[in-house]
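Comments concern the structure below.
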Amino acid sequence: MSVMNEGGRATNRTDVQRRGDREMLVTRTFDAPVHIVFEAWSTPDLFKTWWVPKSVGMSLESCDMDIRTGGKYRLTFRHPNFDQPMTFFGTYSDVTPNKRMVWTNEESPDGAVTTVTFEAQGDKTLVTLHELYPTTAALEEALAGSAEGLPEQFAQLDALLASRH
């Protein structure tokens, strides 16, 4: 589904759904070819520009990503209201360039397994983000927190993609 933004340009809708007791599914179509969308997810300098919703006031201080099967990632965030940075880390268990990325979130026992697929649809790309949480409580915490920022994150990704093709 597309909606019009203030400039009259069509924008795509981010759909966030709960699936069962432990799963979240997010879909969004981007107006860019799959290789450019995948590059935005897999290049640290690009990823840093869109991953954090600007409205939350956080910054992504460091972004280390070894995007290959068996590679690791480490993201460190800082918020002006907190003394200590927050670090998220894990392992890429499956990476197929321009098709799929699967990673673990190992910073806590409540971390999800995240799968992102990239499906070419002509000159557009359908991105599907699937998260499987270890418990219902972990899913509910994610839905009440970070999932709320996904539409803004994906709008920021839209803006980045528009500048790259």
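The values are calculated or read from the model by the stated rules, or taken from the named source; none is laboratory data. This one's a predicted model, so the numbers in the text were calculated from it and none came from an experiment. FYI the Cβ positions are ideal-geometry reconstructions off the backbone, even for glycines, and counts take in every protein chain you see.
What to note about this one:
- Filtered by the rule that a residue be at pLDDT 90 or above and among the aliphatic types (A, V, I, L, M), the stretch 135-159 gives A137, A138, L139, A155, L157, A159.
- For the stretch 91-107, a residue qualifies if it is hydroxyl-bearing (S, T, Y) and in contact with a strand residue (DSSP E or B) (Cβ under 8 Å, 6 or more places away or on another chain), and the qualifying residues are T91, Y92, S93, T104.
- Single match in M86, M101, M58, M65 (criterion: in contact with a helix residue (DSSP H, G or I) (Cβ under 6 Å, 6 or more places away or on another chain) and among the aliphatic types (A, V, I, L, M)): M65
- Hey, T128 hydroxyl-bearing (S, T, Y), surrounded by 15 or more Cβ atoms within 10 Å (Cβ to Cβ), over 24 Å from A159 (Cβ atoms) and at pLDDT 95 or above or not: no
- Within the stretch 67-92, restricting attention to residues that are among the hydrophobic types (A, V, I, L, M, F, W, C) and not in a strand (DSSP E or B), the residue that is nearest to the chain's Cα centre (by Cα) is I67.
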